[in-house]
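Notes to accompany the following structure.
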2 protein chains.
Amino acid sequence: MPARTIKLGVSMIGLGYHLANWRHPDAPANGNMSLQHAMRVIQAAERGLFDMGFLADGVGIRFHDEPKGALCRTAKNVQFEPLTLLSALAMVTRNIGLVATASTTYNEPYHVARKFASLDHISGGRAGWNVVTSVTDMEARNFNRDAAPGYDLRYDRAAEFVAVVRGLWDSWEDDAFVRDKVSGINYDPTKLHVLNHSGPHFKVAGPLNIARTPQGAPVIVQAGASDQGRELAAATADVVYAAAQTLEAAQAYYASVKGRMAKYGRHPDELKIMPGLMAIPGRTRQEAQDRYDILQELVDPLVGLGALSNYLGDLSAYPIDGPVPEPPNRRMHSRAGIFLDIARRDNLSIRQLYLSIAGGNGHRTVIGTPADIADAMEEWFHHEAADGFNILPPWLPGGLEDVVDMVVPELQRRGLYRTAYEGSTLRENLGIPYAAFGKAAYRPAAE
Amino acid sequence: MPARTIKLGVSMIGLGYHLANWRHPDAPANGNMSLQHAMRVIQAAERGLFDMGFLADGVGIRFHDEPKGALCRTAKNVQFEPLTLLSALAMVTRNIGLVATASTTYNEPYHVARKFASLDHISGGRAGWNVVTSVTDMEARNFNRDAAPGYDLRYDRAAEFVAVVRGLWDSWEDDAFVRDKVSGINYDPTKLHVLNHSGPHFKVAGPLNIARTPQGAPVIVQAGASDQGRELAAATADVVYAAAQTLEAAQAYYASVKGRMAKYGRHPDELKIMPGLMAIPGRTRQEAQDRYDILQELVDPLVGLGALSNYLGDLSAYPIDGPVPEPPNRRMHSRAGIFLDIARRDNLSIRQLYLSIAGGNGHRTVIGTPADIADAMEEWFHHEAADGFNILPPWLPGGLEDVVDMVVPELQRRGLYRTAYEGSTLRENLGIPYAAFGKAAYRPAAE
C-alpha cells in the first residue's frame with residue numbers, strides 16, 4: 001500500500017486571494033477576465049501535480065461597496081462563470097481536477113446534476129462540485145428575494161438538493177449503453193433508473209439526460225464550518241475545504257467531521273479534509289516577508305474597510321488607527337466572530353485588523369522558506385489536522401508558481417507528495433473510489 | 001458594400017437529426033457522449049465557414065417511451081449539457097459561432113446572463129443564446145411541476161426573462177475597467193449600472209459579476225412559430241431558426257416577423273431568418289437518394305411510433321399500415337397540426353407518416369446534387385423567404401461533411417457564400433452590429 005501523501009488544491013479564482021492582488025507589479029491587471037491568465041494558472045497547478053483547481057463563486061458581487069469607493073478599488077467584482085471556465089480549461093489540461101462552486105439556494109438540482117456530469121464527461125473524470133448555500137443578501141437580491149433565507153432553511157434545502165443530485169447521477173448504470181447497431185438496441189432498459197423524488201423542497205422525476213460519468217459521480221466538496229455544515233459534509237462530501245488558524249482548532253474540526261461519518265456507513269479515509277493555507281515562500285524568511293509586504297503596502301484603506309464591512313458592517317466613521325468597536329451591523333457569516341476574537345486578543349486597531357485579514361481572510365498564513373512551509377504542512381498532516389491543503393495564492397499566477405517551484409520539491413524530497421499523478425480522474429488522484437451504481441445516492445442516517 | 005450572402009448554421013446535437021442516426025454504418029455509435037465526435041463535428045462546420053454551430057436542448061429526455069421500447073432504440077436520450085460543451089469546443093475553434101439553448105421557464109435570468117456572457121468571453125465573442133420556453137411535460141417534471149405552464153404564461157415569462165438578461169448584460173459600459181495600478185482604481189464607478197429590475201416574474205438587482213462581453217451582448221436566437229413567439233423574435237432576436245416546408249409558408253413567416261420589427265425601432269436586416277434545412281447531397285440524384293434510404297431502412301417501427309407519439313400520442317393500437325387516425329392524445333406542440341395536415345393531404349399510413357418525418361421532423365428536406373441543393377437555397381434566399389439556413393444533418397459527422405465538401409463549394413462558385421470569415425465574432429460574421437451600451441436592453445414597444 002502506498003504511503004499516505006498530502007493532497008493539494010489551489011484557489012484559482014481571478015487574481016488570487018489578497019485584497020491588493022491586481023496591483024502587484026507582476027500581476028496581469030485584467031487577469032480576472034483573461035482566459036490566457038486562467039490557462040497559465042491551471043497549467044502551473046498541473047505542473048505542480050496539484051489534485052485540483054478550485055473556483056470559489058458567488059451568484060453576484062459579494063464585496064460590499066461600503067464605504068463608498070471600496071468596490072471600485074478591488075478586482076473582486078467580475079469573474080468568469082465557473083462551469084464554463086472549467087469546461088474550457090479541461091481542454092488544456094490532462095490530470096488536474098476541476099472543482100466549481102454552485103449554490104443550492106439559487107439553483108435547481110436537475111441543472112446542477114447535468115452540468116457537473118457534463119464537465120465530468122468533457123474532462124475525462126476530473127469534475128468536482130463545491131456545494132455552497134450562499135449566505136449573502138447581495139446574491140439573494142439577484143434571485144427574487146430581499147435577503148438570504150435563514151440558516152436552517154438553507155441547510156435543509158441543501159441536504160435535499162445534494163440527495164437529488166446524487167440520485168440523478170445514478171440514473172444510468174455503468175454499462176447501460178450497449179449501442180448495438182444490428183439489433184437497434186441503444187441502451188438496456190433495465191439499467192435506466194427513474195428517480196421520482198418528491199420531498200419538502202423538490203419534486204424531480206428524472207432520469208438525467210446524460211450518461212453515467214467517468215467517475216461514476218463527480219467529487220463533492222464542501223466547506224461547512226457550522227454544525228449542520230459538518231453533518232452534511234460527513235454524510236456526503238468527498239473533500240472538505242475548511243478554515244482554521246491553529247493546530248488545535250484544525251484537529252478539533254478534523255475529529256468532529258470524521259467522527260460523524262460512521263453513522264452514514266462511511267470510513268474516515270473516504271473524506272479528505274483540506275484546510276485553506278496561504279503559503280508565501282522565499283529563499284530566505286526575509287525574502288518571503290518582503291514578498292508579502294509588497295502586497296500589504298498596496299492595500300487601499302477604503303478596500304481594507306470594505307473587506308471588514310463584509311463581516312462587521314461599515315466602520316469608516318471610527319478612527320482607522322483606533323480600536324475595533326463593537327460592530328454596528330455585524331453580518332451573519334461565521335467568520336465575523338473569528339475576526340472580532342482576533343482583534344480583541346491582539347488589541348488591534350481597525351487598520352491592523354484589516355491588514356491581518358487582507359491576505360488569508362481568516363485562513364492560516366505561513367510566510368517563510370520552503371522548509372518552513374513544508375514543516376507547517378507536515379505538522380498538521382501528521383497530527384490529524386489535515387489530509388492536504390487548499391493553497392490560497394495571494395496573487396496569481398506568481399503566488400502559485402512560487403509554491404510549485406519552491407514548496408512542491410521540498411514536499412517531494414520528504415516523501416510527502418506525489419512525483420507523478422496516480423491516475424487520470426480526480427477520484428483516482430484523491431485516492432477515493434469510483435462511485436459505483438447505488439453508491440452515489442445519499443441516504444440519510446437512520447436516527 | 002459587400003453582396004448579401006447566405007448564412008449557415010448547423011444543428012450539431014448528438015448524432016444528427018434522423019431517428020436512426022446512430023445506426024448509420026459510418027456513425028460512431030457513442031457519438032452523443034463523445035467529446036472527440038463533437039470536436040470533429042464543429043471543426044467540420046468551421047472548415048465549411050459556417051456562421052454557427054447550434055445545440056438544441058431539453059432539460060430532460062424529450063422522447064416519449066410510448067410505445068414501450070421506443071426510447072431504448074434511439075440515441076435521443078443522453079447528450080452533453082450545451083454551455084459546458086460549447087465552452088470546451090471554443091478552445092478548439094477560432095471563428096465559428098457557438099449557440100446553446102437555454103430555457104426561460106426553468107432557469108433564472110441571472111444564471112443565464114452570466115453563463116452566456118462567460119461563454120462570450122471564453123470564445124472571444126462567439127456566443128449565442130437560443131431562447132426556448134420548454135413545451136414538454138417531461139421537462140416540467142424535473143422542475144417541481146407535473147406539467148408545463150400554459151402557453152401565455154410561458155411567453156409572458158420569456159419576454160420578461162429576456163429583458164432582464166439584456167439589462168444585466170448592460171451592467172458595465174465598454175470601457176468601465178480602467179485597472180490603474182498606480183491610483184488603485186479598478187473600474188470607473190460611473191460606468192457601472194445597477195439594473196434593479198422588478199416585474200411580475202422576476203426581481204433582479206444586479207449588477208452582473210462579469211464584464212461587458214466581446215460582442216457587447218451574446219447573439220439572441222429564437223425559433224418561435226406562434227404569434228407571441230414571432231413578436232418576441234421581432235423585439236429581441238438576432239437570428240430566427242424557423243420551420244417551413246414550402247416557399248410560400250417561408251415567405252409568409254419571413255414577412256410576418258420582419259414586418260413586426262419597425263415598431264421596436266429595428267431595421268429588418270438586424271434579424272437573420274434561417275429556416276431548418278435537411279440537405280442530403282450526392283454526386284447524382286440517385287446517390288443522394290441512396291444515402292437517405294440507408295437511414296430510412298434503419299428506422300425501427302417502435303422508434304417511428306415513438307416519434308409520432310411525441311406529437312400525436314401513442315398510435316400503436318392502430319394498424320401500422322392503415323390510415324392515421326384522429327390522434328387519441330394530441331400534444332400541444334405546434335408541429336402536431338403540421339404532421340396531421342401532411343398525413344391527410346398525402347393519404348399516408350402511420351408507417352408512411354413516421355418515415356416522412358424520420359429525417360427532417362417537419363423541416364424542409366432536399367435530396368439531390370449539390371446544384372439541386374444550391375438551387376433550393378438560392379430560391380428561398382432570393383425571394384424573401386430566408387437569409388440563410390440551419391442545416392440539419394441526418395447523421396453526424398458524415399451528413400455535415402457531405403454538405404461542407406459538396407454544397408459549400410457550389411454556393412461559393414455562385415458567389416452566394418463567403419470564402420473566408422469576415423470577422424472573429426459571431427456578430428461580425430452575421431453582419432449585425434456590436435451591442436453597444438444602452439442598445440442591448442430590450443425595451444417593450446409602446447402600445
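The values are calculated or read from the model by the stated rules, or taken from the named source; none is laboratory data. Owing to the predicted nature of the structure, the values given are computational and were not obtained by experimental measurement. Cβ placement follows ideal geometry from the backbone for every residue including glycine, while neighbour counts extend to all protein chains displayed.
Couple of notes before you dig in:
- Flag if B:SER316 is of a type in the set (Ser, Thr, Tyr), farther than 27 Å from B:PHE50 by Cβ, outside the structural domain of B:ASN77 (by TED's automatic domain parsing) and touching an Asp or Glu at 6+ places or on another chain (Cβ under 6 Å): no
- Within region A:391-407, at least one residue is modelled with pLDDT of 95 or more, closer than 16 Å to A:ILE273 by Cα and crowded, with 16+ Cβ neighbours inside 10 Å.
- Taken over region B:66-83, the criterion of being surrounded by 20 or more Cβ atoms within 10 Å (Cβ to Cβ), out of contact with any Asp or Glu (no Cβ under 6 Å at 6 or more places or on another chain) and of a type outside the set (A, V, I, L, M, F, W, C) is satisfied by B:THR74, B:LYS76, B:ASN77, B:GLN79, B:GLU81.
- Identity of the residue in region B:115-127, on the phi < 0 side of the Ramachandran plot and of a type in the set (Gly, Ala, Ser), that ends up nearest to the other protein chains (Cβ to nearest Cβ): B:SER118
- The condition of being touching a Ser or Thr at 6+ places or on another chain (Cβ under 8 Å) and in the same structural domain as B:VAL131 (by TED's automatic domain parsing) holds for only one of B:GLY306, B:GLY276, B:GLY265, that being B:GLY276.
- Considering region A:297-315, the residues that are assigned to a loop (DSSP other than H, G, I, E, B), within 14 Å of chain B (Cβ to nearest Cβ) and of a type in the set (A, V, I, L, M, F, W, C) include one that is farthest from A:LEU71 (Cα to Cα), namely A:LEU298.
- When region A:128-147 is filtered for residues that are away from chain B (no Cβ under 13 Å) and in a loop (DSSP other than H, G, I, E, B), the ones remaining, listed by number, are A:THR133, A:VAL135.
- Of all residues in region A:94-114, those satisfying the criterion of being part of a loop (DSSP other than H, G, I, E, B) and either within 10 Å of another protein chain (Cβ to nearest Cβ) or within 11 Å of A:MET52 (Cα to Cα) (or both) are A:ASN95, A:ILE96, A:TYR106, A:ASN107, A:GLU108.
- Residue tally, condition within 20 Å of B:ALA176 (Cα to Cα) and not in a loop (DSSP other than H, G, I, E, B), over region A:3-36: 7
- Subset tally (residues that are farther than 22 Å from B:LEU55 by Cβ and touching a residue at least 24 places away in the same chain (Cβ under 8 Å)) for region B:382-404: 3
- Among the residues making up region B:399-413, a single one is closer than 23 Å to B:TRP22 by Cβ, among the hydrophobic types (A, V, I, L, M, F, W, C) and out of contact with any helix residue (DSSP H, G or I) (no Cβ under 6 Å at 6 or more places or on another chain): B:VAL403.
- Yes/no for A:PHE202 being facing chain B (nearest Cβ under 8 Å), in contact (Cβ under 8 Å) with a residue 24 or more places away in the chain and more than 24 Å from A:THR236 (Cα to Cα): no
- Of the strands (runs of 3 or more DSSP E) lying entirely inside region B:153-263, the ones with 3 or more residues being surrounded by fewer than 22 Cβ atoms within 10 Å (Cβ to Cβ) are found at B:177-180.
- Those residues of region A:87-107 which are touching a strand residue (DSSP E or B) at 6+ places or on another chain (Cβ under 9 Å), farther than 30 Å from A:GLU66 by Cα and surrounded by fewer than 22 Cβ atoms within 10 Å (Cβ to Cβ), in sequence order: A:THR93
- Test for A:ILE338: is it β-branched (Val, Ile, Thr), more than 14 Å from chain B (Cβ to nearest Cβ), in contact (Cβ under 8 Å) with a residue 60 or more places away in the chain and surrounded by 14 or more Cβ atoms within 10 Å (Cβ to Cβ): yes
- Scanning region B:264-296 for residues that are among the β-branched types (Val, Ile, Thr), outside any helix (DSSP H, G or I) and surrounded by 16 or more Cβ atoms within 10 Å (Cβ to Cβ) yields B:ILE273, B:ILE280.
- Region B:408-425, subset among the hydrophobic types (A, V, I, L, M, F, W, C) and out of contact with any Ser or Thr (no Cβ under 9 Å at 6 or more places or on another chain), residue surrounded by the most Cβ atoms within 10 Å (Cβ to Cβ): B:VAL408
- Among residues of region A:64-88 that are facing another protein chain (nearest Cβ under 7 Å) and in a helix (DSSP H, G or I), those with a Cβ under 8 angstrom from a residue that is surrounded by fewer than 24 Cβ atoms within 10 Å (Cβ to Cβ) and of a type in the set (Ser, Thr, Tyr), sequence gap 6+ or separate chain, pair up as A:CYS72/B:TYR187.
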